[in-house]
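One structure below.
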Ligand code: NAP
């Protein structure tokens, strides 16, 4: 932990309300840092805790959360899909992508949604806003995060959304898993070998693989030669936030492209969740971002 972390103070009282994050493992989660910074700034008597919950304990843990009056919680790996049958209702966006990252207690019901899509598209709707309707998106990787990226690109109105993966079986499974979603026919999947043709047409190139994440900072999902095909006015977006920049973003910037890292997605998906739990239109996004930067030392 960075020693600048202690620039806010959260007081837990007998009346403190509970928020948290469930995952397995959970000790590396950055969510407690940013959420407690926001709660402290707002002066609210809430606390946001990490809950390590093994898959076999998920059901009993959620029942326990109801019993102790948890207001809401974030959901991370490996529970984003497994939580769905335990909820009374999920939002259309969570239904469409088949994953929940935010759960809220409403009366005696648990309601799930997914704020990763909102987090992903936030920088593309603000700082880098364009008319996307004539643009092509190319997404690397077909894991959990790619689901939010595909949905986000479709929501932004990209004319073509291409997803590229290295394993044919997993690619087929990824496509098949969308069969009940309204987004199913709005993207195409491709083998890695097709990447060089796709890159030269890409207006947005997204890395949703973990390749290049700290400590493997010299790795990139694309070589310099492959990146040389990226149009100079493209946007390269890496979901990774450490290192800053990743090698992927460094190569893209050398090519003249705009680079977006994953920190803002992390902040904005958290801010969207906090708005839901607190039923407020505004939360202190700047404090959340700064708390993460302090913690990460960036
Ligand atoms: P995941 O479910 O494990 O998926 C990773 C994907 O990357 C898989 O499709 C995997 O391919 C592919 N991949 C792994 N190594 C590869 C390689 N060497 N070459 C090509 N493809 C490779 O992980 P995830 O949850 O989607 O997360 C992916 C990244 O996004 C992580 O770095 C994570 O930290 C980041 N992320 C950031 C945010 C944010 O808020 N900024 C949110 C979520 C995730 P196979 O399917 O073939 O194994």
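Since every read-out is calculated from the coordinates, none of them should be taken as a lab result. Please read these numbers as outputs of a predicted model, since none were measured by experiment. Cβ: placed from backbone, ideal geometry, glycine included. Neighbour counts: every protein chain shown.
Take the alpha-carbon centre of the stretch 74-101, take the same for the stretch 194-214, and report the distance between them in whole Å.
Their Cα centres are 27 Å away from one another.
By how many degrees, 0 to 90 and rounded to 10, does the Cα axis of helix 116-125 deviate from the longest principal axis of the chain?
Approximately 60 degrees, to the nearest 10.
Classify the stretch 248-298 as rounded, prolate or oblate from the Cα gyration tensor: take a ≥ b ≥ c as the square roots of its eigenvalues, call it rounded if a/c is under 1.5, otherwise prolate when a/b beats b/c and oblate if not. Present the calculation step by step, with values, prior to reporting the outcome.
On the way: a/c = 3.82, a/b = 2.15, b/c = 1.78.
It comes out prolate by the Cα gyration axes.
Relative to the longest principal Cα axis of the chain, at what angle does helix 31-42 sit, 0 to 90 degrees, rounded to 10?
Its long axis makes an angle of about 60 degrees.
Report the FRET efficiency, 1/(1 + (r/R0)^6), for residue 282 and residue 159, where r is their Cβ-Cβ distance and R0 is 45 Å, rounded to 0.05.
FRET efficiency, residue 282 to residue 159: 0.85.
Which parts of the stretch 44-78 would a label at residue 108 reach, counting a residue when its backbone N lies under 18 Å from a point 7 Å out along Cα-to-Cβ?
It comes to 62-71, nothing else.
Against the longest principal axis of the chain, how steep is helix 285-296, in degrees 0 to 90 to the nearest 10, with axes from Cα atoms?
With rounding to tens, the tilt is 80 degrees.
What nm value, rounded to one decimal, do you get for the distance between residue 298 and residue 86 when each label is placed 7 Å out toward the C-beta?
Calculated label separation equals 3.0 nm.
Taking only DSSP H segments of four or more residues, each worth -39500 (n - 2.57), what value at 222 nm results for the chain once the sum is divided by all its residues, to the nearest 500 deg cm²/dmol?
Rounded to the nearest 500, it is -10500 deg cm²/dmol.
Can you give me the C-alpha center-to-center distance between the stretch 237-260 and the stretch 113-139, rounded to a whole angstrom?
Spelled out, the Cα-based centre of one part sits 17 Å from the other.
Provide the FRET efficiency to the nearest 0.05 for the residue 66-residue 16 pair, computing r from the beta carbons and using R0 = 22 Å.
0.80
Find how much the distance from residue 167 to residue 28 grows on full extension, using 0.36 nm per residue of separation minus their present alpha carbon separation; answer in nm with one decimal.
On the way: separation 139, 0.36 × 139 = 50.04 nm, distance 2.78 nm.
So the extension gain works out to 47.3 nm.
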